[in-house]
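These notes concern the structure reproduced below.
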Amino acid sequence: MKRKYKYLLKLSFYFLVLVAIYISSLCYSNRSVSDDPPQIVLKKNTDMFFRWDKDSVTKITLKAGDSISVLAHASSTSVDGKLYWAQTSDGQRGLVSQEDTDDGIAVINTDAGAMVGDTVKMVRMETPLKAVVKAKDGEEYVFNYTSYNFLTADKMPDFNRKHNLGTIKMSQKHFEEMCTTKTPAELDELWDLAEFVCHTDSGLTARYQVAVMKKDNGKIYRPVVTFRNDSLANISWEQPLVSINGWLLRILPGSSIIVDGWHHAIDSFYYPIQFLDQYPWYIYFPGWAALIVIWLIWLLLTFLAIPFLVLILIVTRIPFSFMSNRVLKWFSYGVLYVCAYIWMVLLLVSDHWWFIVIPCLGVVVWIFQLYIEGYIDSRCPHCGEINDYHVKDDVITDVTTSKHRSSKFIQTVERTITTHTRGKKIESRDIEDKNLYQDFIDIYRVYHHKKTIKCNRCGGEWEHYYKSSDLIDREDAGMHTENSKEYNVEDWKLRN
């Protein structure tokens, strides 16, 4: 085996190792909240609301003096203001305003009137996203939501849960089966705590960290489930999360099976370690740039892990030695196409635009197919050894002639310049040329070769046919003209 193939073997092996390490590093969930969440005693009556309807109509009233567990700092950019994801003593889980539940002291990140790390007194909330505070100098300042944290939120940076990312994706059939066969407590454990849990007149209503692909339209939903006495009573489907690829997912065969069986491979990608948040900007931004590069490699190249493995086995010869080159080529193409199809469905379900996903995957598949074809074409059909052969005999079996028409540019015989103006200002110029060409009939002598190749490993022989040609004559075929036109021509082109 020649050096370049050994180099490819090592490169492919390293690629697979990196993919395995990367998958292993991501195949965990950091959705879990703290085992000992902070407890807050409410200072006043407040509402806990549940974001499964557009206007957050469903809510319960919590009373001053009640104790709640703060599970996560749920949001810092919501139009509702800063929120906690919290749980009551009877197990209801939803969102509460930090303004209504915390002790009213703000921790400043940066703004006028206070230094980083200072604590100041919050006077009032001017808007849900702006607080009026009194600094140490006695003056009142208006702080934007990015300039402060409530004390409890500032103490809990390690489990900041993001509600709009990281949903586990599955088909409608699988979701309905899980809700039918398991109790709410079992689903809570399986899906790492329901986002929202509310006791209603209909029973226990919950929405889980699960995104479901409906079979009738291919769109992705976050269903709301109602249980009565631990048994499924109803599933409500509201506005879809993802709709741009729904029409395609609906008609793609096997999309539900692929989502249920394979989506865990990329589900964990949406939970990166938040280690970059603690570093200054000159480390933070390059770090995220590196993560974006890794993300692109992950999306476009990870599906090539299995085709890469097939390519390695082709180079090592032994596993596929029983296959002919023709069979092996179509087998390799089949593995490549199947993997690309599976990954395309996964990307479409993950809300990546189909008009970007499909062309990108098509280019990658085309390039990899050329590699497969190149290696198989240099493979001994008898023993499978690659590129370890010599040419035993090369003879010309036939000589023919062929004619092809060609032309040569002579000169531009006429030029028309059109100037477009607006008032006295020249907007653009167009050039239209009439070009003269000399035509020829080229006559070629074509040689038909039969090359006999012998494998240095097994001694087997096979034949390869190809053609070569020489130009032996050129006949004059007259002249012709062609028009060409350039738009919005720059002045330097006119001068030259």
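The values are calculated or read from the model by the stated rules, or taken from the named source; none is laboratory data. What you are looking at is a predicted structure, and each value in this text was computed from that prediction instead of being measured. No Cβ is skipped: glycine too gets one built from the backbone with ideal geometry, and neighbour counts run over all protein chains shown. Side chains included, ligands, DNA and RNA excluded: accessible areas come from the protein's heavy atoms. Shrake-Rupley method; radii C 1.70, N 1.55, O 1.52, S 1.80 Å.
Some observations on this one:
- Selected residue (only one of E463, E414 is open to solvent by 80 Å² or more (accessible area, probe 1.4 Å), within 30 Å of Y389 (Cα to Cα) and of a type in the set (D, E)): E463
- Selected residue (criterion: modelled with the lowest pLDDT) from residues of region 154-169 that are buried (at least 18 other Cβ atoms within 10 Å of the Cβ) and more than 12 Å from L71 (Cβ to Cβ): G166
- Among the conditions (1) under 30 Å from Y487 (Cβ atoms); (2) in contact (Cβ under 8 Å) with a residue 24 or more places away in the chain; (3) open to solvent by 40 Å² or more (accessible area, probe 1.4 Å), the only one that S428 does not satisfy is (3).
- Within region 193-215, considering residues that are among the charged types (D, E, K, R), in a loop (DSSP other than H, G, I, E, B) and open to solvent by 30 Å² or more (accessible area, probe 1.4 Å), the one modelled with the highest pLDDT: K214
- Filtering region 117-129 to residues that are open to solvent by 60 Å² or more (accessible area, probe 1.4 Å) and either not in a strand (DSSP E or B) or not hydrophobic (A, V, I, L, M, F, W, C) (or both) leaves T119, K121, R124, E126, P128.
- Condition broken by Y437, with the remaining ones in (1) assigned to a strand (DSSP E or B); (2) surrounded by fewer than 14 Cβ atoms within 10 Å (Cβ to Cβ) satisfied: (2)
- Index of the failed condition, A233 passing every other in (1) closer than 20 Å to W354 by Cα; (2) open to solvent by 40 Å² or more (accessible area, probe 1.4 Å); (3) part of a strand (DSSP E or B): (1)
- The listed residue being of a type in the set (V, I, T), at pLDDT below 80 and either open to solvent by 20 Å² or more (accessible area, probe 1.4 Å) or assigned to a strand (DSSP E or B) (or both), out of V96, V33, V132, V70: V33
Okay, residues lined up against (1) at positive phi; (2) surrounded by fewer than 21 Cβ atoms within 10 Å (Cβ to Cβ); (3) at pLDDT 90 or above; (4) assigned to a loop (DSSP other than H, G, I, E, B):
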residue	(1), (2), (3), (4)
K173	no, yes, yes, no
M178	no, yes, yes, no
N217	no, yes, yes, yes
I244	no, yes, no, yes
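- Conditions (1) open to solvent by less than 50 Å² (accessible area, probe 1.4 Å); (2) modelled with pLDDT under 90: number failed by R422: (1)
- Matching option when the condition is in contact (Cβ under 8 Å) with a residue 12 or more places away in the chain, closer than 27 Å to K451 by Cα and open to solvent by less than 30 Å² (accessible area, probe 1.4 Å), among S332, S324, S350: S332
- Scope region 36-50; condition in contact (Cβ under 8 Å) with a residue 12 or more places away in the chain and outside any strand (DSSP E or B); matching residues: P37, P38, L42, K43, K44, N45, F50
- When the test is whether a residue is open to solvent by less than 70 Å² (accessible area, probe 1.4 Å), over 30 Å from R317 (Cβ atoms) and touching a residue at least 60 places away in the same chain (Cβ under 8 Å), S468 does not pass it.
- The residues listed here are Y5, Y22; of these, the one that is at pLDDT below 65, farther than 30 Å from C455 by Cβ and either polar (S, T, N, Q) or not in a loop (DSSP other than H, G, I, E, B) (or both) is Y22.
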